[in-house]
Amino acid sequence: MTHKGTKTLETARLVLRRFCEGDIPAAYRNWTSSDAVTKFLRWPTHRTIETTAAILRGWIDSYADPAFYQWAIVPRDLDEPIGTISVVSKDEKTKTVHIGYCIGEAWWDKGYMSEALAAVIAYFFREVGVLRIESQHDPQNPASGRVMQKCGMRYEGTLRQADWSNRGIVDACMYSLLAAEYEQKRGENGGNQSISESIL
């Protein structure tokens, strides 16, 4: 992989960009303070804006590392972040990245997360040289799985009691997409569209 850091990515409705200090109030208001958002996640709901501030400042400092990927999801018509998508782990030997994401409940079921994930998939395959992109979700959170399916990711199986979250020890439904599959899909579209463009 040739790491290039958290570069700005744009879609029809979204700008995916680095977080900045000015995003702290919106992040706290839009998702980090929501128990509904964190139900299936590993990090606890933020009870104070100071917690959100500390986390975002840590991300901002980490942007100096080209192997750090943490995007703010910003609708063009709102101009403030409504969620985040990031690499939560990676394997340099297999050229694999594991993607995690969350979005404020006011923006659920509007296609924003699949639009963001599709853009990130295109970036990692076409610019970073990743060979495998994977993600997983709690079986009790099927909406997250539908995001992966919409982006062309394949269900590989459910790992029993293989993960943990605010619900405790949970099963994990694993999805992945390979670079070869991605390129095949582009070829089927005449090379003019990426998976991200063809699914939206």
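The values are calculated or read from the model by the stated rules, or taken from the named source; none is laboratory data. As the structure is a computational prediction, the values presented were derived from the model and not from experiment. Neighbour counts run over all protein chains shown; Cβ positions are idealised from the backbone, glycine included. All accessible areas refer to the heavy atoms of the entire protein, side chains included, with ligands and DNA or RNA removed. Shrake-Rupley method; radii C 1.70, N 1.55, O 1.52, S 1.80 Å.
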* Can you list the aspartates and glutamates whose alpha carbon is less than 16 Å from that of residue 93, not counting same-chain residues fewer than 8 positions off? -> 134
* Which of the trypsin sites (Lys or Arg not before Pro) found in region 104-173 are loop residues per DSSP with 13 or fewer other Cβ atoms within 10 Å of their Cβ? -> 110, 167
* So what is the 222 nm mean residue ellipticity for the chain from helices alone, if each DSSP H run of at least 4 adds -39500 (n - 2.57) and you divide by all residues, rounding to the nearest 500 deg cm²/dmol? -> -8000 deg cm²/dmol
* Looking at region 99-182, which chymotrypsin sites (Phe, Trp or Tyr not before Pro) are in a loop (DSSP not H, G, I, E or B) and have at most 15 other Cβ atoms within 10 Å? -> 108
* Asked: Which length gain, in nm to one decimal place, applies between residue 131 and residue 188 when the Cα-Cα distance is subtracted from 0.36 nm times their residue separation?
  -> 18.6 nm
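Note the full-extension length gain between residue 8 and residue 93 as 0.36 nm times their separation in residues minus their Cα-Cα distance, in nm to one decimal.
Contour length minus Cα-Cα distance gives 28.0 nm.
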* Cβ charges +1 (Lys, Arg) and -1 (Asp, Glu), total dipole of the chain, debye -> 220
* **Spin-label proximity, residue 48 to region 83-104 - amide N less than 13 Å from point 7 Å beyond Cα toward beta carbon** => none
* Let me have the relative contact order for the chain, percent, based on Cα pairs under 8 Å that are six or more residues apart. => 20
* Asked: Name the trypsin sites (Lys or Arg not before Pro) in region 1-48 that are in a loop by DSSP and that have at most 11 other C-beta atoms within 10 Å, would you?
  -> 42, 47
* Asked: Solvent-accessible area per residue for region 70-196 at a 1.4 Å probe radius, Å²?
  -> 47
* Asked: Quick one: length gained pulling residue 110 to residue 67 fully straight, 0.36 nm per residue minus the C-alpha distance?
  -> 12.5 nm
* To do: Report the calculated FRET efficiency for residue 169 and residue 149 (r = Cβ-Cβ distance, R0 = 25 Å), to the nearest 0.05.
  => 0.50
* **Separation between Cα centres of region 1-38 and region 72-139, rounded to whole Å** => 10
* Asked: Among 7/90; 110/150; 7/95; 4/95; 150/185; 90/110, which pairs are too far apart, with a Cα-Cα distance over 23 Å?
  -> 90/110
* Asked: What percentage of the solvent-accessible surface of the chain, computed with a 1.4 Å probe over protein heavy atoms, is contributed by carbon and sulfur atoms?
  -> 49
